[in-house]
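The values are calculated or read from the model by the stated rules, or taken from the named source; none is laboratory data. These numbers come from a predicted model, not from an experiment. Cβ: placed from backbone, ideal geometry, glycine included. Neighbour counts: every protein chain shown.
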Amino acid sequence: MIERIKDLREFITNKKHHAYRKTLEEVGLQDISQEFKDSNLPIVRRAALGLSMMLEKEQAVILPGEKIVCTRTVSQVPSLFTAEEWKQITSNHYIHEHGMVCNISPDYAYTIKNGFKARKKEISDKLKDKTLNKEQTDFLDAALTCIDAVQKFIEKYEQYALSVGETDTAKTLHNIKTDGAKNFREALQLLRVLHFAIWAAGNYHNTLGRFDQYMYPYYSADIQNGVLTKEEAFDLLEEFFLTCNKDSDLYPGMQQGDNGQSMVLGGRSINGEYLFNDLSCMCLQASFELQLIDPKINIRVDKNTPDEIYTLGSRLTRIGLGFPQYCNDDIVIPGLIRKGYTKEDAYNYVVAACWEFIIPGVAMDIPNIDALSLAACVKSVINQLNSCKNYQEFYQLVEKEMSHQIDMICEKHKHLYMVPAPMMSLLMDGTIENAKDISEGSKYNNYGIHGTGLATAADSLAAIKKYYFDENKVSYDVWVCALEDNFAKEKDLQKMLRTEAPKMGFDDDYVDFIAKDLLNSFDKILDGRKNERGGIYRAGTGTAMYYIFHAETLGATPDGRSAEEKIPANYSPSLFIKQKGPMSVIKSFTKADLKNVINGGPLTLEFDQSIFRNEESVEKLGMLVKTYITLGGHQLQLNTVCKEKLLDAKKHPENYKNLIVRVWGWSGYFVELDECYQNHVINRIEFGL
Amino acid sequence: MKQGIIFEIEEFAINDGPGIRTAIFLKGCPLHCAWCHNPEGISPNPQYMDKKNGKEICGYTISSDELSQKILRNKEIFKLNHGGVTISGGEPMYQSDFLQEVLHQIKGEVHAAIETSGFTSHEIFKNVVSMLDLVLFDVKQTNPELHKKYTGVSNQPILDNLNYLCHEADKDFIIRVPLIPGVNDTEENMLTLLDLIKDAKRLVRIELLRYNKMAGAKYPMIGQNYNPPFDPTIEPHIYNVFEKNNIKTLIL
């Protein structure tokens with residue numbers, strides 16, 4: 001890392017740029033919703049005007065040494081609706097999270113290549129179409145307003161750069177104002193502007209997609225033409241990574257750090273060529289040096305991925321950022337095709353905010369619309385155990401319950417309302433052509449349902465199968481009472497269930513095949529269902545924050561888990577079991593047909609930092625990843641943590657302000673997490689002590 | 001079929017031979033090294049340990065068949081990541097009949113290594129080595145008196161077996177030296193060792209393992225005190241006389 005970047009990193013991590021920030025009140029934008037209402041503006045125009053007003057109030061700021069500019073100075077995004085209006089909308093609509101377009105992968109590449117002028121021309125041409133209705137012209141006008149607003153914003157920065165003698169920066173800004181990028185620096189600056197603009201428009205979980213693919217042409221041309229040396233290109237890349245950490249505390253999320261700035265590297269092309277390039281490699285190196293939580297790195301791999309790539313990834317894992325996360329093309333691509341994605345789109349997949357597989361530019365999927373509590377589906381039919389002649393009958397009851405829960409989930413999401421997003425629409429394919437805002441849908445409009453507590457559910461079913469049906473060891477009354485009173489009078493039973501019953505993670509087919517059944521049932525139950533936007537439903541192994549919510553209402557479970565205990569996050573073994581080791585876990589978790597749960601959700605493995613003593617041990621961690629991928633795992637995320645350090649950080653947060661941990665699908669600063677998440681991280685299993 | 005007593009199976013052993021290995025710890029050791037960090041491996045019998053969550057039994061009986069089956073179950077995975085199994089302890093040769101049965105059953109199927117002090121009869125050593133792919137051989141002290149003083153036993157059988165490995169066995173091996181401050185981290189000890197191993201054809205490398213400062217952690221759990229007869233707080237000297245004699249050296 002060169003001094004300039006070091007200083008900039010220091011400046012940003014010390015939050016010195018926060019001094020420029022102003023509130024909506026300070027810039028006079030606190031009441032624009034009332035003005036909007038009074039002028040009776042259609043919402044899509046409000047969205048464009050809101051962005052326009054916000055960017056107008058943005059102050060041009062260049063941090064010391066900066067070459068890639070844009071820093072947020074207005075700390076909030078103004079609301080487009082008055083409180084009453086929003087209340088009215090929510091009273092008869094389903095609102096996903098904040099109601100904004102989020103968690104999709106914009107197609108930055110098109111605008112970076114062709115510039116705003118191309119989009120502008122498309123819009124003007126389209127506006128000549130006499131068959132357009134008012135809604136369509138409103139949308140197109142709004143899109144034009146957004147372009148104008150962003151161009152004015154760039155102009156403001158350009159003038160400011162000139163005024164402070166930053167002529168190179170001014171020139172870069174000048175060039176990207178209307179035209180596409182001609183070199184790596186311009187491409188990064190334009191990407192920064194586009195990314196900045198969608199955040200400023202109130203959209204969130206704005207992912208970065210296949211950065212190493214869409215940026216590579218600019219990088220390689222500059223290297224070839226001698227415009228940049230590799231070192232200079234690397235410095236710019238590091239600076240771009242820094243920009244992702246400047247305003248991220250202003251981005252909406254469940255917790256600080258949950259901001260969805262995912263980046264996907266590598267992968268195989270439709271022709272079978274492996275796409276990991278120089279730039280991909282540099283991204284890993286930049287992240288390794290900067291040691292910051294954004295962007296969050298994902299690597300697309302498959303069973304033929306060269307070992308060096310796993311080693312590079314593992315070097316990053318070792319420093320404890322909680323990424324890279326690995327996705328297996330061999331499983332994900334056929335899984336997406338199976339769910340109706342075209343082959344071309346499937347090969348282009350990326351990761352949404354956490355782990356959900358989505359397609360850049362063409363998918364308005366909502367991959368985290370809801371979650372099914374698999375453990376609750378088992379728990380809630382336990383009272384009917386005595387009506388079942390055998391395990392199969394009991395399992396059918398569980399399936400029926402899953403189906404019932406899914407019915408309710410699907411019903412719940414009807415009349416979805418999403419706030420129009422003309423700025424985001426500019427970065428999505430087909431919106432201008434169809435004169436349709438992205439909030440109204442795209443080529444893919446699929447919903448993803450997480451499945452929480454898989455291990456708890458499978459372990460519970462295994463315990464019932466073994467001790468009730470196979471061995472007749474625990475009677476119906478005992479099961480029901482023990483679960484009702486949280487094992488208060490059945491401590492021995494609870495101990496047996498916890499220590500002797502089959503558990504996922506031990507490479508035991510008895511329970512692992514039950515997990516496989518559960519996932520297949522989950523997929524089968526969703527199969528054929530259509531959502532109101534014409535999309536399908538996808539089953540997943542992720543949990544998002546639902547692992548916290550679902551555990552709270554679950555009560556005691558037949559696997560021996562007490563009511564007050566948590567359930568695992570994502571696709572992981574139960575928390576209280578003593579693991580045999582990562583190999584058994586990997587074997588257990590690769591027996592299911594993971595192509596069927598293509599909404600995603602990684603297996604998480606945690607390692608004590610101390611076991612990685614040298615380069616050789618880092619390579620071996622890479623081999624472990626490769627093993628999971630070769631055995632057919634879909635997604636893997638590894639953490640290196642030190643439990644003692646986390647415990648101490650709880651006591652003395654002031655000493656650990658930079659301690660990074662992985663939470664569920666994202667990494668965050670440990671000391672900034674709510675205590676329940678801190679405790680969960682501490683309680684997770686840990687190998688290698 | 002022999003029964004053995006083991007006290008741990010570690011699935012992700014990455015510092016005990018090539019690739020990702022499963023390390024199996026056999027209970028019982030004839031040595032009593034003053035710096036031993038696995039004191040629960042010394043007694044040949046199962047014993048209780050006081051752990052954070054209460055008493056836990058350490059050590060259990062397993063048949064050679066069952067253990068071999070457990071190992072063979074992951075045969076393909078070992079191949080995939082260039083790993084195998086490393087039998088450790090305690091001193092694995094201490095349960096030599098059991099050990100030989102296990103090795104016999106997995107021979108040729110799984111890359112097999114052993115981590116040994118070398119303290120066993122020459123006959124057993126030769127037979128065990130013949131069934132292995134790699135030997136991790138500890139040399140703690142070349143001086144007979146000092147060896148006896150700090151480990152409780154003579155180093156004669158160890159040096160004999162080392163000589164066999166260096167000059168006769170035709171088997172890959174790694175020498176491991178724990179560097180104990182003030183005990184064996186002397187230039188003299190290193191030079192004597194160098195003399196013993198410098199002509200060995202199949203010596204893969206030497207590993208110098210710095211004294212583990214956590215060594216005392218488990219003694220209270222088995223009701224013992226850790227009173228090392230050396231100052232555990234000082235850093236051991238590293239006399240790397242091996243590298244310059246073209247012996248690959250790894251310092252951990």
Exercise for review: Among the residues of region A:194-213, write down those that are assigned to a helix (DSSP H, G or I) and within 20 Å of A:Val69 (Cα to Cα).
Suggested key: A:Leu194, A:His195, A:Phe196, A:Ala197, A:Ile198, A:Trp199, A:Ala200, A:Phe211
Check your understanding: Restricting attention to region A:616-644, which residues are within 8 Å of chain B (Cβ to nearest Cβ) and polar (S, T, N, Q)?
Key -> A:Ser617, A:Thr627, A:Thr630
Point to revise | Yes/no for B:Lys2 being within 12 Å of chain A (Cβ to nearest Cβ) and surrounded by fewer than 23 Cβ atoms within 10 Å (Cβ to Cβ) | key: no
Exercise for review: For region B:7-24, name all the residues that are within 13 Å of another protein chain (Cβ to nearest Cβ) and assigned to a strand (DSSP E or B).
Suggested key: B:Glu8, B:Ile9, B:Glu10, B:Glu11, B:Phe12, B:Ala13, B:Arg21, B:Thr22, B:Ala23, B:Ile24
Review point. Among the listed residues A:Ala488, A:Ala455, A:Ala463, A:Ala501, which satisfies the condition of being surrounded by fewer than 17 Cβ atoms within 10 Å (Cβ to Cβ) and either more than 30 Å from B:Arg73 (Cα to Cα) or not aromatic (Phe, Trp, Tyr) (or both)?
Key: A:Ala488
Exercise for review: Determine whether A:Thr557 is assigned to a loop (DSSP other than H, G, I, E, B) and touching a His at 6+ places or on another chain (Cβ under 8 Å).
Suggested key: no
Practice item. Would you check which residues across region A:299-308 are buried (at least 24 other Cβ atoms within 10 Å of the Cβ) and not charged (D, E, K, R) and list them? Key: A:Ile299, A:Val301, A:Thr305
Review point. When only residues in region B:76-91 that are farther than 20 Å from B:Asn38 by Cα and within 12 Å of chain A (Cβ to nearest Cβ) count, which is surrounded by the fewest Cβ atoms within 10 Å (Cβ to Cβ)?
Key: B:Glu76
Check your understanding: Tally time: how many residues in region A:146-198 are over 18 Å from A:Asp107 (Cα atoms), of a type outside the set (Ser, Thr, Tyr) and buried (at least 22 other Cβ atoms within 10 Å of the Cβ)?
Key -> 7
Practice item. Please go through region A:400-425 and pick out each residue that is buried (at least 17 other Cβ atoms within 10 Å of the Cβ), more than 28 Å from A:Lys436 (Cα to Cα) and among the polar types (S, T, N, Q). Key: A:Gln405
Check your understanding: Within region A:259-271, is even one residue out of contact with any Ser or Thr (no Cβ under 9 Å at 6 or more places or on another chain), in the same structural domain as A:Thr229 (by TED's automatic domain parsing) and without any contact (Cβ under 8 Å) to a residue 40 or more places away in the chain?
Key -> yes
Check your understanding: Among the residues of region A:580-592, is there at least one that is in contact with a Leu (Cβ under 8 Å, 6 or more places away or on another chain), within 14 Å of chain B (Cβ to nearest Cβ), in a loop (DSSP other than H, G, I, E, B) and surrounded by fewer than 24 Cβ atoms within 10 Å (Cβ to Cβ)?
Key -> yes
**Study point:** Residues located in region B:197-252, provided they are closer than 28 Å to B:Lys171 by Cα, of a type in the set (A, V, I, L, M, F, W, C), in a loop (DSSP other than H, G, I, E, B) and within 14 Å of chain A (Cβ to nearest Cβ)
**Key:** B:Leu252
Point to revise | Scan of region A:598-611 for residues that are crowded, with 23+ Cβ neighbours inside 10 Å and either of a type outside the set (A, V, I, L, M) or within 13 Å of another protein chain (Cβ to nearest Cβ) (or both), ordered by number | key: A:Asn599, A:Gly600, A:Gly601, A:Pro602, A:Thr604, A:Leu605, A:Phe607
Check your understanding: Has region A:115-130 got any residue that is closer than 16 Å to A:Asp179 by Cα, surrounded by fewer than 17 Cβ atoms within 10 Å (Cβ to Cβ) and not charged (D, E, K, R)?
Key -> yes
Check your understanding: Under 6 Å by Cβ, and 6 or more places apart or on different chains, what pairs join a residue from region A:381-394 that is β-branched (Val, Ile, Thr) with one that is modelled with pLDDT of 95 or more?
Key -> A:Val381/A:Leu397; A:Val381/A:Val398; A:Val381/A:Glu401
Exercise for review: Please enumerate the residues belonging to region B:37-60 that are surrounded by fewer than 22 Cβ atoms within 10 Å (Cβ to Cβ), part of a loop (DSSP other than H, G, I, E, B) and away from chain A (no Cβ under 14 Å).
Suggested key: B:Ile42, B:Ser43, B:Pro44, B:Asn45, B:Pro46
Study note, to complete from the structure: Picking from A:Gly313, A:Gly335, A:Gly322, A:Gly267, the residue that is touching a strand residue (DSSP E or B) at 6+ places or on another chain (Cβ under 6 Å) and closer than 22 Å to A:Val597 by Cα would be A:Gly267
Revision key, fill the gap. Among A:Gly202, A:Gly253, A:Gly226, the single one that is in contact with a strand residue (DSSP E or B) (Cβ under 8 Å, 6 or more places away or on another chain) and farther than 23 Å from A:Asp329 by Cα is A:Gly253
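Residues are listed down the side, and each one gets a yes or a no for (1) under 25 Å from A:Phe323 (Cβ atoms); (2) of a type outside the set (A, V, I, L, M, F, W, C):
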residue: A:Lys171; (1), (2): no, yes
residue: A:Lys177; (1), (2): no, yes
residue: A:Glu186; (1), (2): no, yes
residue: A:Val193; (1), (2): no, no
residue: A:Ala200; (1), (2): no, no
residue: A:Asn203; (1), (2): yes, yes
residue: A:Lys230; (1), (2): yes, yes
residue: A:Phe240; (1), (2): yes, no
Check your understanding: Could you say whether any residue in region A:342-349 is outside the structural domain of A:Met504 (by TED's automatic domain parsing), part of a helix (DSSP H, G or I) and closer than 20 Å to A:Asn103 by Cβ?
Key -> yes
Practice item. Select the helices (runs of 4 or more DSSP H) contained entirely in region A:445-530, then report the ones holding at least 3 residues which are within 38 Å of the chain's Cα centre (by Cα) and under 25 Å from A:Trp355 (Cα atoms). Key: A:454-464, A:509-526
Practice item. Only residues that are in contact with a helix residue (DSSP H, G or I) (Cβ under 7 Å, 6 or more places away or on another chain), over 15 Å from A:Lys182 (Cβ atoms) and outside any helix (DSSP H, G or I): list them for region A:222-243, please. Key: none
Practice item. Starting from residues that are surrounded by fewer than 22 Cβ atoms within 10 Å (Cβ to Cβ) and aromatic (Phe, Trp, Tyr), keep the ones in region A:531-561 and report whichever is nearest to the chain's Cα centre (by Cα). Key: A:Tyr546
Revision key, fill the gap. Exactly one of A:Asp370, A:Asp294 is surrounded by fewer than 22 Cβ atoms within 10 Å (Cβ to Cβ) and in contact with a helix residue (DSSP H, G or I) (Cβ under 8 Å, 6 or more places away or on another chain), and that residue is A:Asp370
Practice item. Mind listing whichever residues of region A:328-351 are within 13 Å of the chain's Cα centre (by Cα) and under 30 Å from A:Asp608 (Cβ atoms)? Key: A:Val351
Point to revise | Lone qualifier among B:Phe98, B:Phe119 - being away from chain A (no Cβ under 14 Å), under 28 Å from B:Leu31 (Cα atoms), aromatic (Phe, Trp, Tyr) and in contact with a strand residue (DSSP E or B) (Cβ under 7 Å, 6 or more places away or on another chain) | key: B:Phe98
